[in-house]
């Protein structure tokens, strides 16, 4: 059985103590760093850009899972590869030529991810599922941290799992938004492989223990 993965979302880290928080994740049971890049156009918020990713990469010792919530992601694929991204996820809703975008990400040596907003059906991935390494299901509306979880997510995970199995794909299912110790096990049971957690980890009294708890729940 594949181990289920935990990906703390750096957007919720303390930016005044970024190196400390990155090293905490390095020393934790977490598997990936989840890094949200927002442009204020595709989502109503702006987050860090290239220099911060460069700073994170300098200290991070785990997989960099970069989630682009931006318009025209194609323009920046090479840049994000140069900055050390291991996985580059683009939004289905931001890509006119999704297949071409996925091929471009892979040609730069990264794994290719596709994120779906809460209102987007998993059926839109029917024709490209075998080209996708990770599908990120947004379980909150993208753009702001700390929102509450959308219950319809469980149904979407099951539909996506079915699509993956039918096509013999090796795609991982990642859940982003509102993940905590109350729903982690249920998400994994529905078919999720990767859980992203932001405020739940970084705002807790002991982030190391919180990550450990999530990892144990996910793999119990």
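Read-outs throughout are calculated quantities, based only on the coordinates presented, and are distinct from any laboratory measurement. The structure presented is a predicted model; accordingly, all values stated were derived computationally and were not measured. Neighbour counts are summed over all protein chains in view; Cβ atoms, including those assigned to glycine, are modelled from backbone coordinates with ideal geometry.
Miscellaneous remarks
- Failed item in (1) free of Cβ contacts under 8 Å to residues at least 60 places away in the same chain; (2) touching a strand residue (DSSP E or B) at 6+ places or on another chain (Cβ under 8 Å); (3) under 18 Å from residue 114 (Cβ atoms), with residue 170 passing the rest: (2)
- Search result, residues across the stretch 83-99 that are over 18 Å from residue 143 (Cα atoms) and touching a strand residue (DSSP E or B) at 6+ places or on another chain (Cβ under 9 Å): 83, 84, 85, 86, 87, 98
- Matching residues, the stretch 1-27, being out of contact with any helix residue (DSSP H, G or I) (no Cβ under 9 Å at 6 or more places or on another chain) and under 15 Å from residue 210 (Cβ atoms): 7
- Scanning the stretch 116-134 for residues that are closer than 13 Å to residue 90 by Cβ and touching a strand residue (DSSP E or B) at 6+ places or on another chain (Cβ under 6 Å) gives 116, 117, 132, 133, 134.
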